[in-house]
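Below is one structure, written out as structure tokens; comments come after it.
The values are calculated or read from the model by the stated rules, or taken from the named source; none is laboratory data. Since the structure is predicted, the reported quantities are computational estimates derived from the model, not experimental observations. Please note: Cβ atoms are built from the backbone with ideal geometry, for glycine as well, and neighbour counts cover all protein chains shown. Just so you know, the surface numbers come from the protein's heavy atoms only, side chains and all, with ligands and any DNA or RNA stripped out. Shrake-Rupley method; radii C 1.70, N 1.55, O 1.52, S 1.80 Å.
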Amino acid sequence: MKKEARYLVPGDYMADPAVHLFEGKLYIYPSHDWESGIPENDNGDHFNMKDYHVFSMEDAGGEVTDHGVVLRTEDIPWAGRQLWDCDVARKDGKYYMYFPLKDRNDIFRIGVAVSERPEGPFIPRENPIKGSYSIDPAVLDDGDGNHYMYFGGLWGGQLQRYRDNKALESAAFPADNEPAIPSRVVRLTADMLEFAEEPQPVIILDENGSPLTAGDNSRRFFEASWMHKYNGKYYFSYSTGDTHNICYAIGDNPYGPFTYQGVILTPVVGWTTHHAIVEYKGKWYLFHHDSVPSGGRTWLRSLKVIELEYNPDGTIRTIEGQT
Ligand code: FUB
């Protein structure tokens, strides 16, 4: 495969990829963008997605198979609106899709849908995960029987409405010199259907060992958590939202703390940036999206993949988003 990014689904708008190696193939679980006609605002109302497709590839440079629609808002008993970034994890031969969706009170919760196959269809559970909130679930299979969910997103993702896992009366943003609002991590129950514990903050430290502050806009967490392991270390990566970087931080265990390392992907065309990192056949890949094919319409995004490279010290080489 060439070292330039490649668009994966030219015929449709797909975003927010989660990617995993299941049954010898790469499976891609994206959001499905469409032109809903809702005006753009800071609350993200224009991201009014209503279903998911699943895609698979046998080679990172090869053909992409569309397995069709695998879950729809209308099939989810507690649904309000807006199916945002999902992820899928496997355990004991079953596949669990975790998806954020607003309930009928317009509050984001995280739901679970189950399938016997990686390509779905996924059958949603009656209710969202107890104690869940906000958006962008990403699940790490730690290889020892434990699965950890990372989640959360600011602004339209509603994370600023919570502290210590409790809903606040109104949204609260820290002052610029206070610690930034963190992503959350939580271990899942053995049956994969609930939280096994209270979610905990994902703390990102700077080079002096201090938590990144809310005013550190080009480095602090905003949304789009992803976790992968490389040489026994835990790499937490995320979007900085309004400064449009994909950054990463490294830790020694799934809970952190993580020490900030740098930028993986500089800003792409379009407001959002979102990614997944996966190893396949001895190479590493960055799946992501941009809004080039839609002429910059930020709610109509297109999936891309490019090879990702490490330096000998385990740091990641920065990829230019606009090439
Ligand atoms: O697709 C809707 C939202 O846009 C996602 O949940 C965020 O991560 C951002 O990509």
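Within the group V185, V139, which residue is within 16 Å of the ligand (Cβ to nearest atom) and part of a strand (DSSP E or B)?
Details: V185 fails: within 16 Å of the ligand (Cβ to nearest atom).
So the residue among V185, V139 that is within 16 Å of the ligand (Cβ to nearest atom) and part of a strand (DSSP E or B) is V139.
Which numbered condition in (1) under 14 Å from the mean Cα position of the chain (by Cα); (2) open to solvent by 20 Å² or more (accessible area, probe 1.4 Å) is the only one that A196 fails?
Unmet condition: (1).
Between a first residue in the stretch 241-267 that is open to solvent by less than 40 Å² (accessible area, probe 1.4 Å) and a second residue that is at pLDDT below 95, which pairs have beta carbons less than 9 Å apart while being 6 or more apart in sequence or on different chains?
Pairs found: T266/Q322.
Report yes if G120 is away from the ligand (no atom under 16 Å from the Cβ) and under 25 Å from H53 (Cβ atoms), otherwise no.
Details: away from the ligand (no atom under 16 Å from the Cβ): yes; under 25 Å from H53 (Cβ atoms): yes.
The answer is yes for G120.
Here are Q160, Q200: which of them is within 20 Å of I250 (Cβ to Cβ) and without any contact (Cβ under 8 Å) to a residue 60 or more places away in the chain? Quick ask: steps written out before the conclusion?
On the way: Q160 fails: within 20 Å of I250 (Cβ to Cβ).
After applying the criteria, what remains is Q200.
Hand me the list of strands (runs of 3 or more DSSP E) wholly inside the stretch 1-85 holding 1 or more residues that are at positive phi and at pLDDT below 95. Break it down stepwise before answering.
Values: elements: 14-22, 25-32, 51-57, 64-72.
Result: empty, no element qualifies.
Looking at (1) closer than 16 Å to Y7 by Cα; (2) in a strand (DSSP E or B); (3) touching a Phe, Trp or Tyr at 6+ places or on another chain (Cβ under 8 Å); (4) not basic (K, R), can you tell me which one P293 breaks?
(2)
Collect the residues in the stretch 62-117 that are closer than 22 Å to V9 by Cβ, surrounded by fewer than 20 Cβ atoms within 10 Å (Cβ to Cβ) and more than 16 Å from the ligand (Cβ to nearest atom), keeping them in residue-number order.
Scanning the stretch 62-117 gives G62, E63, V64, T65, D66, H67, G68, V69, R72, S115, R117.
In the stretch 268-309, which residue that is within 16 Å of the ligand (Cβ to nearest atom) and among the charged types (D, E, K, R) is surrounded by the fewest Cβ atoms within 10 Å (Cβ to Cβ)?
R297
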